[in-house]
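Each remark here refers to the structure printed beneath this line.
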Amino acid sequence: MPDLSERLLKLKEMFNSKFGSTPKFYVRAPGRVNIIGEHIDYCGYSVIPMAVEQDMLIAVEPVKTHTLQLANTDPLYPDFSTTANNICIDKTKPLWHNYFLCGFKGIQEHFGLSKLPGMNCLVDGNIPPSSGLSSSSALVCCAGLVTLTVLGLRLSKVELAEICAKSERYIGTEGGGMDQSISFLAEEGTAKLIEFSPLRATNVKLPSGAVFVIANSCVEMNKAATSHFNVRVMECRLAAKVLAKHKGLQWDNVLRLEEVQSKLGISLEEMLLVTEDALHPEPYSREEICRCLGISLEKLRTQILTPNTQDELTFKLYQRAKHVYSEAARVLQFKQVCEDAPDNAVQLLGELMNQSHRSCRDMYECSCPELDQLVDICRKFGAKGSRLTGAGWGGCTVSLVPADMLSSFLASVHEAYYQGNTSRLAQEKHSLFATKPGGGALVFREV
């Protein structure tokens, strides 16, 4: 991978060729790998991600017109131009420029601005798209920081992360905020425990003697292009409401599974027992959910279900709640092992990652055959733990590998998963690599 200074110089040349001028500044925002804590940020629970070295870079020149001109170094992504004062984001098509517009609009709305200056932007990214390493959120964060810098305004990293998490929902996905938080709050050399409400980040010192390896299944999954993700968000929301009603709580305003636990004041282990008691493994029809909550089908459709989940006929509440509460407990156990640093830390952390994958596969049903195969291969060739990372249904695995086994591990996984498959082999250069925790989003004034 070319180093950052090389990429910035090349970006400067391409910008000049494209726009006939020189960028005034550059913004970088990293992708991330979620080590543990899958699909629980939007339920209110903590997660442990780290920034990866792959990132989004944008070269920027503010202009006097009110036109926003976006170009991409990758010819697969066509140029886009719009007025800066009337941003419309089409939820029906997750086109690349819409993610930039999310970040731009988020800053615009936060400050209540109507007239915004125009800008020329050239985007360059080396995060594999639809791989579960958060290329889309990195672009939203980059765009938010670009817009803030052009306006000459200031916000804290936490405020930026919260604005970008909220504004990415303009694209139609109901994410929880982990991706944007780590993109801004990451620090080189450490993973982070990201907690929500209020948003805060704590260092998690990973064990020495082991490395994290990313392996891409080469199955693409775009969260905004499929209903899988939003259906899971809604199943968790419905489970929270049914559990709250079952325990005699005011359920109307409950949106997240964490709220039920905090209102009851009990442990995650006790919440798992409540789930066993209150929910059944068979899928719930809309009519049964209405009976549980004592509401009409019309109220369910118009006041609880989102437009992209209104056509769903059944919802799995038990499985989703079981995954969320057990995964939230695994995050806390993972952090504790890192703090205690016992001699068998790598073994213990690996087992937590393995449990996480089983839960994602069996209870949350967000894996796919290729991810399961890749996880099995990684474990077979020496990973102490391996799991899907990101939304799932494709994308990447993350594996914890003893450092002294890294070379043989990479060679064996290459041979077993990529070697015999032409399309996988073509992507392998960006698909199998060891990574270490990188730093967060930055503005560069000079190259």
Original post:
For residue 346, which of the numbered conditions (1) more than 24 Å from the chain's Cα centre (by Cα); (2) open to solvent by less than 10 Å² (accessible area, probe 1.4 Å); (3) closer than 30 Å to residue 213 by Cβ fails to hold?
Top reply: (2)
**OP:** Residue by residue through the stretch 369-396, note down the ones that are closer than 18 Å to residue 432 by Cβ, touching a residue at least 40 places away in the same chain (Cβ under 8 Å) and either of a type in the set (A, V, I, L, M) or not in a helix (DSSP H, G or I) (or both).
**Re:** 371, 374, 377, 383, 384, 387, 388, 389, 390, 394, 395, 396
Subject >> Selection status of residue 301, of a type in the set (D, E, K, R), in a helix (DSSP H, G or I), within 28 Å of the chain's Cα centre (by Cα) and over 30 Å from residue 374 (Cα atoms) >> reply: yes
Original post:
Can you tell me which of 319, 336 is open to solvent by 70 Å² or more (accessible area, probe 1.4 Å) and of a type outside the set (A, V, I, L, M, F, W, C)?
Top reply: 336
Original post:
Which of the residues belonging to the stretch 263-281 are surrounded by fewer than 12 Cβ atoms within 10 Å (Cβ to Cβ) and either free of Cβ contacts under 8 Å to residues at least 12 places away in the same chain or more than 29 Å from the chain's Cα centre (by Cα) (or both)?
Top reply: 265, 277, 280
Original post:
Does the stretch 121-149 hold any residues that are crowded, with 22+ Cβ neighbours inside 10 Å and over 26 Å from residue 75 (Cβ atoms), and which are they?
Top reply: 148
Original post:
Got at least one residue in the stretch 234-247 being surrounded by fewer than 22 Cβ atoms within 10 Å (Cβ to Cβ), modelled with pLDDT of 95 or more, within 19 Å of residue 314 (Cβ to Cβ) and under 24 Å from the mean Cα position of the chain (by Cα)?
Top reply: yes
Subject >> residue 260, sole failed condition from (1) free of Cβ contacts under 8 Å to residues at least 24 places away in the same chain; (2) part of a loop (DSSP other than H, G, I, E, B); (3) not charged (D, E, K, R) >> reply: (2)
Subject >> Those residues of the stretch 306-316 which are open to solvent by less than 60 Å² (accessible area, probe 1.4 Å), among the polar types (S, T, N, Q) and within 25 Å of residue 271 (Cβ to Cβ), in sequence order >> reply: 306, 309
Subject >> Residue list for the stretch 414-440, restricted to those being part of a helix (DSSP H, G or I), closer than 15 Å to residue 215 by Cα and over 19 Å from the mean Cα position of the chain (by Cα) >> reply: 414, 415, 416, 417, 418, 423, 424, 425, 426, 427, 428, 429
Subject >> The listed residue being surrounded by 15 or more Cβ atoms within 10 Å (Cβ to Cβ) and small (Gly, Ala, Ser), out of 420, 394 >> reply: 394
Subject >> Every pair of residues 6+ apart whose Cβ atoms lie under 6 Å, when the first sits in the stretch 74-102 and is within 16 Å of residue 122 (Cα to Cα) and without any contact (Cβ under 8 Å) to a residue 12 or more places away in the chain while the second is of a type outside the set (Phe, Trp, Tyr) and crowded, with 17+ Cβ neighbours inside 10 Å >> reply: 79/71
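Here is a yes/no grid of residues against (1) open to solvent by 60 Å² or more (accessible area, probe 1.4 Å); (2) among the β-branched types (Val, Ile, Thr); (3) in contact with a helix residue (DSSP H, G or I) (Cβ under 6 Å, 6 or more places away or on another chain):
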residue: 4; (1), (2), (3): no, no, no
residue: 42; (1), (2), (3): no, no, yes
residue: 46; (1), (2), (3): no, no, yes
residue: 72; (1), (2), (3): no, no, no
residue: 87; (1), (2), (3): no, yes, yes
residue: 92; (1), (2), (3): yes, yes, no
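The values are calculated or read from the model by the stated rules, or taken from the named source; none is laboratory data. Source: prediction; values computed, not measured. Neighbour counts run over all protein chains shown; Cβ positions are idealised from the backbone, glycine included. Each accessible area value is taken on the protein alone, full model and side chains, heavy atoms only, with ligands, DNA and RNA left out. Shrake-Rupley method; radii C 1.70, N 1.55, O 1.52, S 1.80 Å.
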